[in-house]
Amino acid sequence: MSEKITIAIDGPAGSGKSTVAKAVAEELGYLYVDTGAMYRAITYAALKNNVVDDAAEVIKIAQNADLSLKFENGLTRVFLNGEEVTDKIRSMEVSSKVSEVSVIPEVREQLVKIQREMSSNNSLVAEGRDVTTVVFPKAEVKIFLTATLNERSERRYKEFIEQNKNISFEVVRNNISKRDRIDSSRDTSPLTKAEDAIEIDSTSMSIEEEIKLILSKVDEIRDKIKQEKISHHN
Ligand code: DC
């Protein structure tokens, strides 16, 4: 039987986590877990119910949420209480509130529980802000992916333009910069580099190079596990 491997990737908004994590998961046939999509889904529901500024109500939404992710043809489809919210969770309205929802410890607790359940029977690639530090601190491969604020804003801006969304570069850049600040300074599970994570600056690397680097780390780890098994048997 092949060994269960967890690959955890953290980094700020627009660092390229999703692209790289998806590609690595597809290459290895592992489950892909977009933890940011989960925080976005709770934020979307809170906005829809007009309770986004009421922490007690947001906690209730998180605790009662029937949340599922389905990875299909390079896209994560997100379902919340039977409703498909895949596109709705990517709106600027959700982006501008998601960091505030993500500071609520009870919301995090609930989502972390779901994330760990997903890993119980599967090798997976998880990406987010706290997957290397809090959710999967014992992950076999841990990556901290960064890029400059400008580069990350450019990437997000291009995505919005490609989707014909009418938005200015300044609005995108301000949103990312504000999220960076909140995500990195909150009390519960802030975005930080785990001591044993490999830092990759994606400003200066191609996606292909990043993928290759991560896959080579996975190979190393698998070899190490195999060697340990052999020496254990002898
Ligand atoms: O990866 P993303 O941009 O879709 O994430 C949206 C927000 O969700 C991010 O700004 C902070 C929050 N988040 C979090 O707090 N913890 C995670 N593990 C993933 C995302």
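Estimate the FRET efficiency between R222 and N81 by the formula 1/(1 + (r/R0)^6), using the beta-carbon distance for r and 30 Å for R0, to the nearest 0.05.
0.20
Counting C-alpha atoms alone, how compact is the range 83-231: give Rg to one decimal and Dmax as a whole number, in angstrom.
That works out to 17.6, 60 Å for Rg and Dmax.
Rounding to the nearest 20 debye, state how big the charge dipole of the chain is about its Cα centre with +1 on each Lys and Arg Cβ and -1 on each Asp and Glu Cβ.
Here the chain has a charge dipole of around 140 debye.
For the range 1-156, give me the percentage of DSSP beta bridges that are antiparallel, rounded to the nearest 5 percent.
Rounded to the nearest five, the antiparallel share is 40 percent.
Can you tell me the dipole magnitude for the range 111-220 around its Cα centre, using point charges on the Cβ only (Lys, Arg +1; Asp, Glu -1), in Debye to the nearest 20?
540
Give the residue from I5, T203, Q110 lying farthest towards the positive end of the charge dipole for the chain; charges sit on Cβ (+1 for Lys and Arg, -1 for Asp and Glu) and the dipole is referred to the Cα centre.
After comparing all options, I get Q110.
Give the residue from V52, S168, G14 lying farthest towards the positive end of the charge dipole for the chain; charges sit on Cβ (+1 for Lys and Arg, -1 for Asp and Glu) and the dipole is referred to the Cα centre.
The one lying farthest along the dipole's positive direction is V52.
Percent of Cα-Cα pairs more than 20 Å apart in the range 108-176, please.
50
Would you compute, from DSSP H runs of 4+ residues alone, the mean residue ellipticity of the chain at 222 nm, taking -39500 (n - 2.57) per run and dividing by the full residue count, rounded to the nearest 500?
Calculated at 222 nm, the ellipticity per residue is -17000 deg cm²/dmol.
Each reported figure results from applying straightforward, stated rules to the coordinates on display, with no laboratory input. Remember, it's a predicted structure, so these values are computed and weren't measured experimentally. Virtual Cβ from ideal backbone geometry, glycine too; neighbours counted across all protein chains shown.
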